[in-house]
1. Determine which member of the set 71, 75 is without any contact (Cβ under 8 Å) to a residue 60 or more places away in the chain and in contact with a helix residue (DSSP H, G or I) (Cβ under 6 Å, 6 or more places away or on another chain).
2. Looking only at the stretch 152-167, filter to residues that are in contact with a strand residue (DSSP E or B) (Cβ under 7 Å, 6 or more places away or on another chain) and part of a helix (DSSP H, G or I); which one of those is farthest from residue 103 (Cα to Cα)?
3. For the stretch 121-141, state whether one or more residues are in a loop (DSSP other than H, G, I, E, B) and over 17 Å from the mean Cα position of the chain (by Cα).
4. For the stretch 71-96, which positions are outside any loop (DSSP other than H, G, I, E, B) and surrounded by fewer than 16 Cβ atoms within 10 Å (Cβ to Cβ)?
5. In the stretch 15-31, which residues are assigned to a loop (DSSP other than H, G, I, E, B) and either modelled with pLDDT of 95 or more or within 15 Å of residue 65 (Cα to Cα) (or both)?
6. Taking the options 87, 74, name whichever one is more than 19 Å from residue 172 (Cα to Cα) and touching a strand residue (DSSP E or B) at 6+ places or on another chain (Cβ under 9 Å).
7. Would you please list the contacts, defined by Cβ atoms under 8 Å and residues six or more apart or on different chains, that run from a residue in the stretch 115-129 that is in contact (Cβ under 8 Å) with a residue 12 or more places away in the chain and on the phi > 0 side of the Ramachandran plot to a residue that is surrounded by fewer than 17 Cβ atoms within 10 Å (Cβ to Cβ) and not in a helix (DSSP H, G or I)?
8. Inspect all residues belonging to the stretch 56-67 and state whether any of them is under 14 Å from residue 20 (Cα atoms) and in contact (Cβ under 8 Å) with a residue 40 or more places away in the chain.
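The values are calculated or read from the model by the stated rules, or taken from the named source; none is laboratory data. The structure displayed is predicted, hence computed values, not measured ones. Please note: Cβ atoms are built from the backbone with ideal geometry, for glycine as well, and neighbour counts cover all protein chains shown.
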């Protein structure tokens, strides 16, 4: 299994770091597409793949964390991409707790929370979801099935005043939270749930 590389203590002041959280069960090229899109469009120095022990909103138990860490490490090989199990190490599955941990220890690092449009559609069900937007800028990467629903979601409406135009996405990491943008472009169809269903059907 890969080590939990690049602890938060190794981050230099001023680095622009995207945080891509998820169970990645399994990881797929849609996730990689999102990471690459964010890295390029937001002018990031790093993208952290934060492999969560468990999604607290899903009854289905995530598969073995060590195995998922290995699979993500095999996928996320681009320069600047880092795989971490920091949620397991600090003992949380809540994004707000993770962001508080990082912000209090590295206040001079420019963190950006990265998520797909499907997550924007449902983030209002997360614990302290307004606090996620208040903790650091947020970038939403378009997904094929969630474009309209995401843009009409409770979170998008609540933080409509904080949305910056996509043309200014490269400045997002420098913005004071709350600030968010929606990144469109080439869409990738892969979803972890589809991959799991396909595997079950071939058994």
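1. Values: 71 fails: in contact with a helix residue (DSSP H, G or I) (Cβ under 6 Å, 6 or more places away or on another chain).
Of the residues listed, the single one that is without any contact (Cβ under 8 Å) to a residue 60 or more places away in the chain and in contact with a helix residue (DSSP H, G or I) (Cβ under 6 Å, 6 or more places away or on another chain) is 75.
2. 166
3. The first filter runs over the stretch 121-141 and keeps only residues in a loop (DSSP other than H, G, I, E, B), leaving 126-128, 136-137.
If we keep only those that are over 17 Å from the mean Cα position of the chain (by Cα) as well, we get none.
Checking the stretch 121-141: not a single residue is in a loop (DSSP other than H, G, I, E, B) and over 17 Å from the mean Cα position of the chain (by Cα).
4. Quick first cut of the stretch 71-96, residues outside any loop (DSSP other than H, G, I, E, B) only: 71-75, 81-84, 86-90, 95-96.
Listed by number, the residues that qualify are 74, 89, 90.
5. Selection gives 15, 23, 24, 25, 26, 27.
6. Details: 74 fails: touching a strand residue (DSSP E or B) at 6+ places or on another chain (Cβ under 9 Å).
Selected residue: 87, the only one of 87, 74 that is more than 19 Å from residue 172 (Cα to Cα) and touching a strand residue (DSSP E or B) at 6+ places or on another chain (Cβ under 9 Å).
7. Listed pairs, sorted by first residue: 128/94.
8. Here is the first cut: in the stretch 56-67, the ones under 14 Å from residue 20 (Cα atoms) are none.
Taking every residue of the stretch 56-67 in turn, none turns out to be under 14 Å from residue 20 (Cα atoms) and in contact (Cβ under 8 Å) with a residue 40 or more places away in the chain.
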